[in-house]
Amino acid sequence: MKKTFFIRTYGCQMNFSEAERLRELLLNAGWKEEKNIENASVVMAIGCSIREKAENRVISFLKTHRYLKNKGTLIGLFGCTANLHKEKILEKIPFLDILCGPNQLNKIPEILENFSNGNVVVMTGENEQPFLECVPSKNDVTMAVPITKGCNNFCSYCVVPLARGKLVSRHPDSVIREIECAVEKGIKSVTLLGQNVNEYGQDFKFQFDFGDLLNEIVNIDGLLRIDFLTSHPEDTGEKILKIMAENPKIVKHLHIPLQSGSNKILKAMNRKYTVEKFLKTVEMARNLMPQISITSDIMVGFPGETEEDFEKTVEVVKNVRFNELFIFKYSPRPMTKAYNMNDDVPQEVKEYRHQLILSLQKKISNQIYEMFKGRICDVLIERKSVKNPCYVIGRNIQGIPVTCSCSENIIGSIVKVKIINHRQGLLYGSICEEFQLQQDPQFQGKKQI
């Protein structure tokens, strides 16, 4: 068998981070990645099961490429979808060769080396080796670094604890070592990942929490920016917000899912906070960081959501004025507590509520980004634009994407950009005639372009 592989990834940033690490494991084992699926001897799909639509996408992808089996191609399903359904998924996708959960990915190179045709390999279960400790070798400026896996919250609609298991925090020494190694390879910015990063350390036998980890990471020389997601409203406290406010390396962005503006619905969701608690957290964050970007998730159509409950959500969206919202229609997920509830909100009502909040949020986002016109932002340039190589794309200190034209190679540098316009959550600007590359003494006081 040729040692060539193709990976298709669906879902959250955690899935994409695991795909990068699996890719690195295979490359280190002598495999070659193929961009054309037809040339691969192994096709791997990493699936997400957080919503039915996400799950259907990966199943559709695999069924579409079933014909590759005629060429002797091995086909595997990886990630949350594999772990959630285990062998039952074979009823929908009987032609699979490999079924592997997110905590068993370290075994894939060995499995492929010793694979025997006709046998289906199933590797699922909880955290045997939850973190792939290898630094992707791609020549990038940014990198995602998982710091927790699993979750102990058990929201009634969520499959994460079922698909990824209980909370497991990565040892701080491992996190620091990986980031230091990545910085040596040219990484300038990291995003710390977890289903709830604020739970970090709660399973340690020693006292060390997420705030302590942030305080360690900000001292890594050569690292320019630190971001993280996701934050749970119940666990987002003053300590973390003060660390964010006080350290210039930490991106002033908080992704904190609300889900609903109704306390009745939050209780049914088992979210463990009230709307009042959420609003106090947002107020504290904005008092400490007036320019902070706050984004959130909203779920419409949860069982029992009345028009009055929905209107309460609309009011919170109007009052908080999030930078961006990710809006989802509730879909029952097997094995969750909500699965046994009466899914009593009609699909057309879910669609109406989804569109109403989407339209409202577009107006709010447009008003917020309009206020950036004329401002000068410090932007970490991350890459060239895919559509126009004469443009570069980066993010400002609030994590908002910014694009501008530039003939110089400034990728990996922080430059001053004057914002001229915006469209669909993207700021457009021009690099100031004279700017200073931040955080790097060799550039201080020098004109770069």
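The values are calculated or read from the model by the stated rules, or taken from the named source; none is laboratory data. Computed from a predicted structure; not experimentally measured. Positions of Cβ are generated from backbone atoms using ideal geometry, with glycine treated the same way; all protein chains shown enter the neighbour counts.
Which one of L279, L266 is part of a helix (DSSP H, G or I), under 25 Å from the mean Cα position of the chain (by Cα) and within 17 Å of I327 (Cβ to Cβ)?
Checking each option against the conditions leaves just L266.
Looking only at the range 162-189, count how many residues are crowded, with 18+ Cβ neighbours inside 10 Å and without any contact (Cβ under 8 Å) to a residue 12 or more places away in the chain.
Going through the range 162-189 one residue at a time, the tally reaches 0.
Name the one entry in Q259, Q291 that is surrounded by fewer than 20 Cβ atoms within 10 Å (Cβ to Cβ) and of a type outside the set (A, V, I, L, M, F, W, C). Spell out how you get there, then give the answer.
Values: Q259 fails: surrounded by fewer than 20 Cβ atoms within 10 Å (Cβ to Cβ).
One residue alone meets the criteria, Q291.
Within the range 152-161, work out how many residues are in a helix (DSSP H, G or I) and either among the aromatic types (F, W, Y) or surrounded by fewer than 21 Cβ atoms within 10 Å (Cβ to Cβ) (or both). Write out each step before concluding.
Step one: of the range 152-161, the residues in a helix (DSSP H, G or I) are 160-161.
Remaining after also requiring either among the aromatic types (F, W, Y) or surrounded by fewer than 21 Cβ atoms within 10 Å (Cβ to Cβ) (or both): 161.
Looking only at that region, the number is 1.
Conditions tested, residue by residue: (1) within 27 Å of F228 (Cβ to Cβ); (2) out of contact with any Asp or Glu (no Cβ under 6 Å at 6 or more places or on another chain).
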site: F278; (1), (2): yes, yes
site: T281; (1), (2): yes, yes
site: T306; (1), (2): no, yes
site: S331; (1), (2): no, no
site: M335; (1), (2): no, yes
site: V345; (1), (2): no, no
site: Y352; (1), (2): no, yes
site: Q355; (1), (2): no, yes
site: I364; (1), (2): yes, yes
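Do you know which residues across the range 40-90 are without any contact (Cβ under 8 Å) to a residue 24 or more places away in the chain, within 22 Å of L112 (Cβ to Cβ) and either among the small types (G, A, S) or part of a strand (DSSP E or B) (or both)?
Matches in the range 40-90: none.
Can you tell me which residue is farthest from E283 (Cα to Cα) among those in the range 206-241 that are out of contact with any strand residue (DSSP E or B) (no Cβ under 7 Å at 6 or more places or on another chain), at pLDDT 95 or above and among the charged types (D, E, K, R)?
Across the range 206-241, the extreme among qualifying residues is D221.
Considering only the range 1-56, state which residues are over 29 Å from Y339 (Cα atoms) and in contact with a Cys (Cβ under 8 Å, 6 or more places away or on another chain).
R21, E24, L25, N28, listed by residue number.
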